[in-house]
Structure formats: C-alpha cells, structure tokens
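Asks: Got a structure for you, questions after.
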Amino acid sequence: MKTTTMLRKSVLGIAGLAVAGGLAAGPLNHGTVEPGTTDHPVAVMQADKPAKDKLIPHGVQGDQSRIDLDDEQTANVKAIIAATKKTGMDERAAVVSIATALQESKLENLGHLGDRNDHDSQGLFQQRPSSGWGTVEQITDPEYATTAFLKALKQVDGWQDMPLTKAAQTVQVSAYPDHYAQWEQQAADLVTDHWNS
C-alpha cells in the first residue's frame with residue numbers, strides 16, 4: 001500500500017493532473033488495471049533522454065564553445081539525428097556527427113563559397129566531391145552527407161572508445177585536428193534535446 005501511495009503521488013506530481021485528470025479515483029487506487037479498460041485517463045510521460053555517460057563517455061576535452069542556432073541549423077541537427085537513426089547507429093554517433101558539423105560549418109549547409117572555399121568543400125561536413133564524398137548535390141543534402149560521414153566513421157576501428165576529436169579527425173583529416181573537441185558538450189545537449197523529438 002505504501003509503494004502504491006508513493007507511486008500515485010509521484011505520477012500525480014509529475015503529470016500535474018491530481019484533480020483535473022481524475023486519476024485520484026482511477027486505477028492507481030485499485031492497484032490493477034483491467035485489460036481493455038479505456039475510460040480512465042492515462043498519464044503520458046516523455047521517453048527517457050539519452051544518458052550523459054553514453055553521450056560523453058570520456059568527458060569533454062578542453063574549453064567548450066557554444067553558438068545559438070537558428071531554425072535552419074536546428075533543422076540540420078534533426079536531419080543528422082534522423083540519418084543516424086536510419087543507419088542504425090546510436091546517440092554517441094549523433095554527438096560525433098553534430099560536433100563535426102558544428103566545427104566544419106556551424107551546422108549551416110554551405111554551398112560553394114568562391115574564394116573563401118576550402119578547395120571544393122561543401123555542405124554540413126565540408127565534404128569534397130574531388131575526394132570521393134559524392135556529387136555537389138549529394139553532399140549538400142543533409143541526410144546523404146550524414147550517412148556518408150557515418151559510413152566512414154563505422155570504418156574507424158574503435159571509434160566508440162576514442163575521444164570525439166580523434167574519431168572525427170580520423171574521418172575528416174582536418175588541418176586542425178583538435179578543434180572538434182570544443183563542440184562536444186553542445187552536440188551532446190542537442191542530442192539530448194532532439195533524439196526523442
């Protein structure tokens with residue numbers, strides 16, 4: 001009885017439906033719910049957010065950077081997460097992908113920047129058609145670009161056990177290999193916010 005009372009108080013407190021939802025007279029007081037019963041309201045709870053030790057298993061390295069995101073950048077975060085799920089990879093892969101895109105493009109799907117371009121690099125991950133990442137149309141498609149990045153990440157032996165910046169650098173081969181690390185906390189926060197949305 002004590003456990004049932006504590007459970008009821010917890011659910012009512014979280015859902016905020018103590019009186020308005022009618023739960024006080026519902027199944028929680030009786031200890032069981034009859035199969036097929038639909039005349040009682042049900043408290044819906046959000047799915048658990050990914051665990052921090054799964055998102056940042058090694059802790060962050062160095063000072064962290066953070067930028068405010070606009071709607072387009074947030075849409076790109078969601079596209080990266082969707083592509084990660086589609087490939088069957090986990091939340092950590094999404095953190096590595098988002099941190100990489102934060103460093104490479106600030107999550108902006110960049111086209112050719114003329115004189116400011118790094119060779120022929122384009123898209124969220126600044127992938128290069130001349131290096132075999134795909135056509136311009138492909139690498140500027142967030143789903144394709146993310147899938148290509150993740151395919152390369154999967155080929156890195158032990159990427160899950162590496163610091164983020166080393167895993168990202170092994171795929172990207174950047175002139176600034178340690179710069180990915182500064183985005184790990186924001187990437188993890190974004191995965192926490194959007195993985196279940």
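Asks: Could you order 128, 66 by accessible surface area, starting with the largest, using a probe radius of 1.4 Å? Show your work: numbers first, answer last.
Replies: Numbers: 128 70, 66 135 Å².
The most accessible residue leads, giving 66, 128.
Asks: Ok, one more. Within 10 Å, count the other beta carbons around each residue, average over each peptide in 165-172, 190-197, and list them highest first.
Replies: Numbers: 165-172: 22.0, 190-197: 17.5.
Ranking, from highest mean packing down: 165-172, 190-197.
Asks: Taking only protein heavy atoms into account and a 1.4 Å probe, give the accessible area per residue of region 115-197 in Å². Numbers along the way, then the final one.
Replies: Details: 4130 Å² over 83 residues.
That works out to 50 Å² per residue.
Asks: Something else now. Between residue 65 and residue 131, 0.36 nm times their residue separation minus their Cα-Cα distance comes to what? Could you put the intermediate results ahead of the total?
Replies: Working: separation 66, 0.36 × 66 = 23.76 nm, distance 2.89 nm.
Stretched fully, the residue 65-residue 131 segment lengthens by 20.9 nm.
Asks: Please list 176, 144 from largest to smallest accessible area, probe radius 1.4 Å, with all protein chains kept in place.
Replies: Working: 176 140, 144 75 Å².
Output order, biggest surface exposure first: 176, 144.
Asks: About its Cα centre, how strong a charge dipole does region 135-197 have in debye, to the nearest 20, once Lys and Arg get +1 and Asp and Glu get -1 at the Cβ? Walk me through the numbers before you get to the answer.
Replies: Numbers: 3 positive and 9 negative charges, 41 e Å.
For this selection, approximately 200 debye.
Asks: Using modelled backbone amide H atoms (1.01 Å from N, in-plane), which distant-in-sequence or interchain residues come within less than 5 Å of residue 110's amide H?
Replies: Under 5 Å from the amide H of residue 110 lie the amide H atoms of 123, 124, each far enough along the sequence or on another chain.
Asks: I've got another one for you. Ranked from the most accessible area to the least, with a 1.4 Å probe and all protein chains present, what is the order of 137, 108, 72?
Replies: 137, 72, 108
Asks: I would also like to ask the following. Beyond 21 Å, what share of the Cα-Cα pairs of region 107-197 remains, rounded to the nearest whole percent?
Replies: Numbers: 1434 of 4095 pairs.
So the pairs more than 21 Å apart make up 35 percent of the total in region 107-197.
Asks: Taking amide hydrogens as modeled 1.01 Å from N in the peptide plane, which residues meet the under 5 Å criterion relative to residue 127, leaving out close sequence neighbours?
Replies: When sequence neighbours closer than 5 places are left aside, the close amide H contacts are 122.
Asks: For region 70-155, which whole percent of the accessible surface, found with a 1.4 angstrom probe, sits on carbon and sulfur atoms? It would help to have the intermediate numbers written out before the result.
Replies: Numbers: 1770 of 3850 Å².
Carbon and sulfur atoms account for 46 percent of the accessible area of region 70-155.
Asks: Can you pull the accessible area of residue 106 for me, 1.4 Å probe, Å² to the nearest 10?
Replies: 80 Å²
The values are calculated or read from the model by the stated rules, or taken from the named source; none is laboratory data. Remember, it's a predicted structure, so these values are computed and weren't measured experimentally. Positions of Cβ are backbone-derived with ideal geometry, glycine not excepted, and every protein chain shown enters the neighbour counts. Just the protein is used for accessible areas: all its heavy atoms, side chains included, with ligands, DNA and RNA removed. Shrake-Rupley method; radii C 1.70, N 1.55, O 1.52, S 1.80 Å.
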